[in-house]
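Here's the structure, in structure tokens; my notes come after.
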Amino acid sequence: MKLNDKVAVANALKDLGLYLQIKGENSFKTRAYDIASERIAGLADDLGQLVTEKRLTELEGVGASIAAKITELVETGKMETLEQLKREYPPGILELLKVPNLGPKKAKVLFELLGVGTIDELEAACRANRVRDIKGFGQQTEEKLLAGIDVARRTKGTGRQLLADVLPRAEKLLEHVKKAPGVVRASLGGSVRRMRETVADVDIIASAEDPKPVFEAFTKHPDVREVLGQGDSKASVRLREGDLQVDLRVLPDADYATALHHFTGSKSHHIKLRGLAIEKGLKLSEWGVHRVDRSDAELRELEKLTVEDEAELYAMLGLDYVPPELREDWGEIEAAQKHELPKRLVERQDIVGNIHSHTTWSDGRASLLEMAQAAKAMGLRYYTVTEHSQTSSYAGGLSLDRMKEQWDEIDRVNEELDGIVLLKGIESDILEDGSLDYPDSVLEQLDVVIGSIHQRYSQNEDAMTRRVLNAFDNPHFQIWGHPTGRLLNRREPAPMRMEEILDKAAKKGVAIEINGCPERLDLKAEYVRLALQRGLKLVVSTDAHSVSELHQHLPLALAMARKGWTTKADVLNTLEAKAFVGALRGG
């Protein structure tokens, strides 16, 4: 059986790497499969052709051994090494890794000593107090695992998926709908359009005179696994990938603007708008805006008004236009009434520098030159080189000697490339007491210093707050990286007094990162608002570990920035390189 599905092959390589971690293989071997998975997932060429022509080893990071496994999977539909590992472990063991605070090493110990191979078995072992007796675990770890199980089940129960996973599928289906016979306009709606960090389902709104051919094209798309239902104005399907439900609504073009607005949401935003509409003698719904008889208890409709687009709808209510990302009832309606909304949110063309990335010098999957060339191709004019620091040895963090070797390479690449400049930096670990893991004599030589927490998230609120506050006292600390440490659907934000921390950041001139890694999207929009209210500056960063992540992560970071009401003037990497470096630490 031929298998030319790049996603399936990439997932198989990723699973193989996870199984090998559980088995206890060294990090270099397991990381090789992650790198190969990334290469295959981002492959532009036809995978089957590369296999046939025996050219897989031309891909950086794909050696002869991995190439042989990919070839076996493509040509036979199976990878025997992976199948053997699956036979050695219970089917649900990889699900265990979705439990916060449970990594491959602990999963291996639990399986070998207690026979734990599923989340249910883990819960039973914890509740029977069998986990606490294992060396290296203890009662506190047992309690954390039980809390992690609750998080894992809660996120699975809601069916919410990462925005980054859903968005490409939704956009692909939207483009298909736009090409359907008779479609005038079409757009995504719902939480995807509002750029929520996680998404339960997808809404598409389209206008056409006859909805039948649109539904025909929609329901027969190859990504559709099952048609859940179809009526006069709505069809619902479930996609093959991710078990994702997508609802398509098709209405006359005269109703498109109000339908798009209604099905974008949020519910609380709409409730307030409907109240404002009634005060003005109007009735607002997905079917349009009507003048009503306010003396009639039933609000009898008198006249349907023409609404060409959403901006016109807001104008009818005496409001400035509210961008979709802001429609959460977080004060945007009141600000629109007072004309206090930002006139223009930050946009992609405003960003001129890439902040926070990793290369093969630490745990990245592309070379320094490759990442710089990719950033240049994106139209960016500078690239900050910020590898992991020496404490993060598990991620290939740089010793002092290796950091100085990298400086030499940065100088060589800067001489080789025109149109983009590389800035020397580091992502320095914030240690348990708040100190950074390099001496000041080294940090003072760098253009960019990002301080991030990567370990000991178990500290309580007081300890975590002190840790960050102490870090800000270092005069070389410039940017606070992925501030709350959250991993969506996997790890809750670290406990800390955010307003107290932001107050000190403002006093010290520390910039705050909005991290575009799909699992992080950290800082969340509510905290972005708090930062901006204190006059803090932000950086919109990618935290990219590969070329494909440069492209994927920047729009996600921008989405979180926009959701927090961020303008171009609020973002430091809208400045040119010299001005950016000068502005760090409140310069």
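With a cut-off of 10 Å between beta carbons, the residues surrounding G434 carry a summed charge of -1, where Lys and Arg count +1 and Asp and Glu -1.
Charge tally around E387: other residues with Cβ under 9 Å, Lys/Arg +1 each, Asp/Glu -1 each, net -1. Using only helices, what value at 222 nm comes out for the chain when you add -39,500 (n - 2.57) per DSSP H run of length 4 or more and divide by the total residues, to the nearest 500 deg cm²/dmol? Roughly -13000 deg cm²/dmol at 222 nm, from the helical runs in the chain.
Normalised by 2.2 N^0.38 Å, where N is the number of residues, the C-alpha radius of gyration of the stretch 258-337 stands at 1.03.
Using the Cα centre as the reference, give the magnitude of the dipole from point charges on the C-beta atoms of the chain (Lys, Arg: +1; Asp, Glu: -1; all else neutral), rounded to the nearest 20 debye.
Working: 82 positive and 95 negative charges, 175 e Å.
Result for the chain is approximately 840 debye, rounded to the nearest 20.
The distance separating the Cα centre of the stretch 443-465 from that of the stretch 21-92 comes to 35 Å. Taking label points 7 Å from Cα along the Cα-to-Cβ direction, E279 and R585 give a separation of 4.9 nm. Using Cβ point charges alone (K and R +1, D and E -1), the dipole size of the stretch 258-337 about the Cα centre works out to roughly 280 debye. Find the Cα radius of gyration of the chain, compare it with 2.2 N^0.38 Å by division, and give the number to two decimals. For the chain, the normalised Cα radius of gyration comes out at 1.05. Bridges between two residues of the chain, per DSSP, are antiparallel at a rate of about 50%. Using Cβ point charges alone (K and R +1, D and E -1), the dipole size of the stretch 446-538 about the Cα centre works out to roughly 20 debye.
Highest-first packing order for the peptide set 254-266, 273-285 is 254-266, 273-285, based on the mean count of other beta carbon atoms within 10 Å. Shape class of the stretch 185-231 from the Cα gyration tensor (axes a ≥ b ≥ c, square roots of the eigenvalues): oblate, since a/c reaches 1.5 or more and a/b does not exceed b/c. Label positions at E143 and T52, each projected 7 Å from the Cα along the C-beta direction, are separated by 6.1 nm. Considering the stretch 161-251 at the alpha-carbon level, its Rg and Dmax are found to be 12.0, 34 Å.
Hey, what does the equivalent ellipsoid look like for the stretch 348-586, semi-axes from the Cα gyration tensor as sqrt of 5 times each eigenvalue, largest first, whole Å?
On the way: eigenvalues 124, 83, 55 Å².
The answer is 25, 20, 17 Å, longest axis first.
One Cα centroid belongs to the stretch 285-360, the other to the stretch 208-284; the line between them spans 18 Å.
Packing-based ranking of 197-203, 18-24, 77-83 yields 197-203, 18-24, 77-83, ordered from highest to lowest mean Cβ neighbour count within 10 Å.
Over 28 Å apart at the Cα level, from the set K98/K234; K272/K304; K212/K280; K14/K144; K106/K524, are K98/K234; K212/K280; K106/K524. Remark: the K108-A200 segment gains 29.9 nm on full extension, using 0.36 nm per residue and subtracting the alpha carbon distance. Ordering S266, A217, Q230 by the projection of their Cα atoms onto the charge dipole of the stretch 212-279, which places +1 on the Cβ of Lys and Arg and -1 on the Cβ of Asp and Glu, puts S266 at the extreme positive end.
A straight chain from T76 to K338 at 0.36 nm per residue would run longer than the Cα-Cα distance by 87.9 nm.
Counted by Cβ distance under 12 Å from L369, the other residues give a net charge of -3, where Lys and Arg count +1 and Asp and Glu count -1.
Over the stretch 48-191, what number does the Rg to Rh ratio reach, with both radii from the alpha-carbon atoms and Rh per Kirkwood? Can you show the working numbers first?
Details: Rg = 22.0 Å, Rh = 19.4 Å.
That ratio equals 1.13.
For the stretch 452-510, what number results from the quotient of the Cα radius of gyration and 2.2 N^0.38 Å? All intermediate terms of the calculation are to be shown ahead of the outcome.
Values: Rg = 11.3 Å, N = 59, 2.2 N^0.38 = 10.4 Å.
Rounded to two decimals, the normalised Rg is 1.09.
A cut-off of 5 Å between modelled amide H atoms, ignoring neighbours fewer than 5 places along the same chain, links I430 with S452, I453, H454. Modelled this way, with points 7 Å down the Cα-to-C-beta line, the labels at E216 and Q533 are 5.5 nm from one another.
Values in this text are rule-based calculations from the coordinates and carry no lab data. Remember, predicted model here, so these are calculated numbers, not experimental data. Don't worry about glycine lacking a Cβ; one is built from the backbone with ideal geometry, like all the others, and counts go over all protein chains shown.
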